[in-house]
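Below is one structure, written out as structure tokens, with a few remarks after it.
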Amino acid sequence: MKLWGGRFTKEENQLVHNFNESLSFDQKFYHQDIEGSIAHVTMLAKQGVVSEDDKKAIIDGLKGILADLESGKLVFTKEHEDIHSFVEANLTERIGEAGKRLHTGRSRNDQVALDMKLYCRDEIDEIDGLVKTLLEELLKIMKENLETWMPGFTHLQKAQPVTLAHHVGAYYEMFRRDRGRLADIRKRMNYCPLGSGALAGTTYPLDREYTAELLDFDGPTLNSMDSVSDRDYVIELLSALSTIMMHLSRFSEEIIIWNTNEYQFVDIDDAYSTGSSIMPQKKNPDIAELVRGKTGRVYAALMSMLTTMKGIPLAYNKDMQEDKELTFDAIDTVKGCLALFNGMVSTMHFKKDRMENSAKNGFTNATDAADYLVGKGVPFRDAHGIVGRLVLYCIDKGISLDDMKLEEYKAISPVFEDDIYDAISMKNCVERRNTIGAPGADAMQAVIEQNKKYLQEN
């Protein structure tokens, strides 16, 4: 069924139909299309545009279509151009003339804008739930690892000692901000475009505020041309999804590194690893690698959408049909990555001794040794040079600062005393850093309490 035809004298070329159709992918929001249609006809009846009898017949018919689609009794067929024509054709076939009245005061332009908003809104809620689950898993790791010492890095070089709680806490902050971005987008897009018509509204006495209320929007959109001709909320969503994937990719990269034989910081559960077809010793971090790889796929959707929209004059143009496949794929990709990542993180085993030894052997306590000398009256620049010589000595001997004997310390600087060992212990190095945001246990515990409260309230 075509929703147009009176103007045309020839049948549409099959290749043109195939190129033009969108049912193969916009069937994905059949639920939102039917939901919007029920709200629309409810409003039409309230305004006296259609009768109560027609309203009832239309709603019953739409609910029947929904039930049959969900049960598999009704399937999508190729002759229909899009989800809108599919639903209307089936409705008219089921209830007769009343079905033809559903589209009164509505265009496919505002209809598809509504469907896309409803779909994105629903998906934002699902993605938000997955990110929240990830935050809960990260918080659990933080609680359990306040005294799991490990090296912190800059330039991928071991820098200063931190805790696993503090390191994972950095990702907690990133994903918390991701939830904030999703919430901002949802709030900003939550205005109803239905009633905008093709571009210039309609002469029918529609109650757009009522329609918006029925669909849980904050109100109607305020410009009919803008309502049907922009997809900035899709671009915003794809941008937020790209940022989520960027954060997942960074975390995955670290897990991949930590899983190497050289690091051995973490064991990934067998359920989230694979082996080699030829090398029996291999246990590969495939899930982390795939998450890292699929990040580019979501980036591509964002860039494609930006490129599609950049040259479109007002109002609606067919180019905008390209928003759906890209967005659907990006959403599904992010949801899949989050679900798998959550499972992988929740089952990982951290090798605490290995982490602590790496911090010691990487001279991450060198800064604290310099601070020790400053506390003894040595100018910082001189202290920096002295500790540099200590590190060279340790490298030559194949030992850590913790392994040096006091006489070896004194041979380089007589200022050193027995208390140097307390000053450079991993525990003390971390515990002395207790300002807000630092890795010390007291500071971290305060942050954990804030994070618990946030998750309880949001």
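The values are calculated or read from the model by the stated rules, or taken from the named source; none is laboratory data. As the structure is a prediction and not an experimental result, all values here were calculated from the model. Please note: Cβ atoms are built from the backbone with ideal geometry, for glycine as well, and neighbour counts cover all protein chains shown.
The residues of region 268-293 that are surrounded by fewer than 19 Cβ atoms within 10 Å (Cβ to Cβ) and modelled with pLDDT of 95 or more, listed by number, are Glu289, Leu290, Gly293.
The residue that is nearest to the chain's Cα centre (by Cα), counting only those in region 198-246 that are buried (at least 19 other Cβ atoms within 10 Å of the Cβ) and assigned to a loop (DSSP other than H, G, I, E, B), is Arg231.
Taking the stated definitions as given, is Ser249 among the polar types (S, T, N, Q), closer than 30 Å to Val345 by Cβ and surrounded by 16 or more Cβ atoms within 10 Å (Cβ to Cβ)? Criteria met by Ser249.
Each residue in region 107-146 was checked for being surrounded by fewer than 17 Cβ atoms within 10 Å (Cβ to Cβ) and in contact with a Cys (Cβ under 8 Å, 6 or more places away or on another chain), and 0 pass. Kindly establish whether Met344 is at pLDDT 95 or above, part of a helix (DSSP H, G or I), surrounded by fewer than 16 Cβ atoms within 10 Å (Cβ to Cβ) and not small (Gly, Ala, Ser). Here the answer is no, as Met344 does not meet what is asked.
Region 25-104 holds helices (runs of 4 or more DSSP H) entirely within its bounds, and those carrying 1 or more residues that are at pLDDT below 95 and of a type in the set (Val, Ile, Thr) map to 83-95. Within region 362-381, residues that are more than 14 Å from Tyr421 (Cβ to Cβ) have Cβ atoms under 8 Å from residues that are among the basic types (Lys, Arg) and surrounded by fewer than 22 Cβ atoms within 10 Å (Cβ to Cβ) in these pairs: Gly362/Lys158; Phe363/Lys158; Thr364/Lys158, counting only partners at least 6 apart in sequence or on another chain.
Of the numbered criteria (1) at pLDDT 95 or above; (2) among the polar types (S, T, N, Q); (3) more than 30 Å from Asp82 (Cα to Cα), the one Thr327 fails is (3).
Criterion applied to Ile395, Ile412, Ile420 was being exposed (fewer than 14 other Cβ atoms within 10 Å of the Cβ) and more than 39 Å from the chain's Cα centre (by Cα), and the one residue passing it is Ile395. Whether a residue is at pLDDT 95 or above, under 30 Å from Leu23 (Cα atoms) and either within 28 Å of the chain's Cα centre (by Cα) or aliphatic (A, V, I, L, M) (or both) was assessed, and Leu338 passes this test. Checking each residue in region 244-269 for being under 30 Å from Arg121 (Cβ atoms) and touching a helix residue (DSSP H, G or I) at 6+ places or on another chain (Cβ under 6 Å) picks out Ile244, Met245, His247, Leu248, Ser249, Phe251, Ser252.
Within the option set Leu326, Leu338, Leu302, being of a type in the set (A, V, I, L, M, F, W, C), over 30 Å from Ala198 (Cβ atoms) and assigned to a helix (DSSP H, G or I) holds for one residue only, Leu338.
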